[in-house]
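Asks: One structure, pasted below without further comment.
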Amino acid sequence: MPNATQTSDQPADITFRYATRDDLPTIVALLADDEKGKTREEFTDPLPDAYYAAFDAMESQSTDALPNKYLLALQGTDIVGCLQLTLIAGLSRRGQLRAQIEGVRVASSARGQKIGEKLITQSITISKLLGAALVQFTTDKTRKDAHRFYERLGFIASHEGMKLQIS
């Protein structure tokens with residue numbers, strides 16, 4: 001697996017690492033610290049077991065070549081941002097490997113410092129190092145600021161995504 005720590009083009013105050021099980025309370029707090037997340041997440045002490053089960057399932061599916069990990073952005077020892085990065089093997093596009101980004105969050109206290117941009121850039125770097133030819137994600141249609149953010153980073157809205165809640 002590529003080193004998920006700071007790269008030479010990143011400012012000295014931001015480093016990256018993959019999450020461990022011990023990071024779950026902070027990750028869930030970040031996921032809940034959001035207009036949509038506060039209605040979707042359950043940030044309690046202790047955390048519901050479902051979060052630990054989901055993290056363990058991600059870890060069991062993850063390999064060096066096809067990670068399914070939470071990437072963390074840190075300022076010093078403080079976790080100030082996170083996202084889930086999953087590499088997916090598939091047959092379409094001549095068998096190209098693709099990266100899927102989900103759950104991008106930056107702590108409300110750290111917004112406006114380009115941490116989200118640094119997280120996405122680091123994810124793209126990791127994805128390229130692992131051979132991915134495409135990076136994709138979904139974002140809620142109501143998140144207009146997020147759409148502008150991703151477009152500024154070079155992403156285009158080339159597809160229409162659909163979801164079906166089944167439980």
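Asks: Give region 46-73 a look and list any residue that's of a type in the set (A, V, I, L, M), more than 27 Å from residue 108 (Cβ to Cβ) and in contact (Cβ under 8 Å) with a residue 12 or more places away in the chain, or say none. Break it down stepwise before answering.
Replies: Taking region 46-73 and keeping what is of a type in the set (A, V, I, L, M), we get 47, 50, 53-54, 57-58, 65-66, 71-73.
Within this subset, residues satisfying the condition of being more than 27 Å from residue 108 (Cβ to Cβ) are 53, 57, 65-66.
The answer is 65, 66.
Asks: While we're on this one: Could you list all residues from region 92-130 that are among the small types (Gly, Ala, Ser) and without any contact (Cβ under 8 Å) to a residue 40 or more places away in the chain?
Replies: So in region 92-130, the residues among the small types (Gly, Ala, Ser) come out as 92, 95, 99, 103, 107-110, 112, 116, 123, 127.
Matches in region 92-130: 92, 95, 99, 109, 110, 112, 116.
Asks: Given the conditions (1) under 18 Å from residue 37 (Cβ atoms); (2) assigned to a strand (DSSP E or B), report the number of the one that residue 109 does not fulfil.
Replies: (2)
Asks: Of (1) among the hydroxyl-bearing types (Ser, Thr, Tyr); (2) without any contact (Cβ under 8 Å) to a residue 24 or more places away in the chain; (3) in contact with a helix residue (DSSP H, G or I) (Cβ under 9 Å, 6 or more places away or on another chain), residue 77 satisfies all except one. Which?
Replies: Residue 77 satisfies all of (1) among the hydroxyl-bearing types (Ser, Thr, Tyr); (2) without any contact (Cβ under 8 Å) to a residue 24 or more places away in the chain; (3) in contact with a helix residue (DSSP H, G or I) (Cβ under 9 Å, 6 or more places away or on another chain) except (3).
Asks: Mind listing whichever residues of region 40-88 are charged (D, E, K, R) and more than 25 Å from residue 14 (Cα to Cα)? Reasoning before the result, please.
Replies: So in region 40-88, the residues charged (D, E, K, R) come out as 40-42, 45, 49, 56, 59, 64, 69, 78.
Within region 40-88, 40, 41, 42, 45, 49, 56 meet the criteria.
Matching residues to (1) surrounded by 12 or more Cβ atoms within 10 Å (Cβ to Cβ); (2) farther than 21 Å from residue 90 by Cβ:
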{"position": "32", "(1), (2)": "yes, yes"}
{"position": "35", "(1), (2)": "no, yes"}
{"position": "45", "(1), (2)": "no, yes"}
{"position": "48", "(1), (2)": "yes, yes"}
{"position": "60", "(1), (2)": "no, no"}
{"position": "63", "(1), (2)": "no, no"}
{"position": "69", "(1), (2)": "yes, no"}
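Asks: Which condition breaks for residue 158 when tested against (1) of a type outside the set (Phe, Trp, Tyr); (2) exposed (fewer than 15 other Cβ atoms within 10 Å of the Cβ); (3) more than 29 Å from residue 91 (Cβ to Cβ)?
Replies: (3)
Asks: For region 1-91, give me every one of the helices (runs of 4 or more DSSP H) that falls completely inside it and has 1 or more residues that are at pLDDT 95 or above and over 18 Å from residue 102 (Cβ atoms). Explain how you work it out, then say what you get.
Replies: Numbers: elements: 24-32, 37-40, 49-61.
The qualifying helices (runs of 4 or more DSSP H) are 24-32, 49-61.
Asks: Taking only region 98-140 into account, find how many residues are among the acidic types (Asp, Glu) and over 11 Å from the mean Cα position of the chain (by Cα). Working first, answer last.
Replies: Quick first cut of region 98-140, residues among the acidic types (Asp, Glu) only: 102, 117, 140.
With the extra rule that they be over 11 Å from the mean Cα position of the chain (by Cα), the set shrinks to 117, 140.
Residues flagged as among the acidic types (Asp, Glu) and over 11 Å from the mean Cα position of the chain (by Cα) within region 98-140 amount to 2.
Asks: Can you tell me which residue among 118, 141 is assigned to a loop (DSSP other than H, G, I, E, B) and under 30 Å from residue 25 (Cα atoms)?
Replies: 141
Asks: Would you check if residue 130 is surrounded by 17 or more Cβ atoms within 10 Å (Cβ to Cβ) and either polar (S, T, N, Q) or under 21 Å from residue 25 (Cβ atoms) (or both)?
Replies: Numbers: surrounded by 17 or more Cβ atoms within 10 Å (Cβ to Cβ): yes; either polar (S, T, N, Q) or under 21 Å from residue 25 (Cβ atoms) (or both): no.
Judged against the criteria, residue 130 is not a match.
Asks: Does region 25-39 hold any residues that are of a type outside the set (D, E, K, R), in contact (Cβ under 8 Å) with a residue 40 or more places away in the chain and touching a helix residue (DSSP H, G or I) at 6+ places or on another chain (Cβ under 9 Å), and which are they?
Replies: Here is the first cut: in region 25-39, the ones of a type outside the set (D, E, K, R) are 25-32, 37, 39.
Okay, now just the ones that are also in contact (Cβ under 8 Å) with a residue 40 or more places away in the chain, so 26-27, 30-31, 37.
Result: 27, 30, 31, 37.
The values are calculated or read from the model by the stated rules, or taken from the named source; none is laboratory data. Just so you know, these numbers come straight off a predicted model, no measurement behind them. Every residue, glycine as well, gets a Cβ built from its backbone with ideal geometry; the counts of neighbours run over all protein chains shown.
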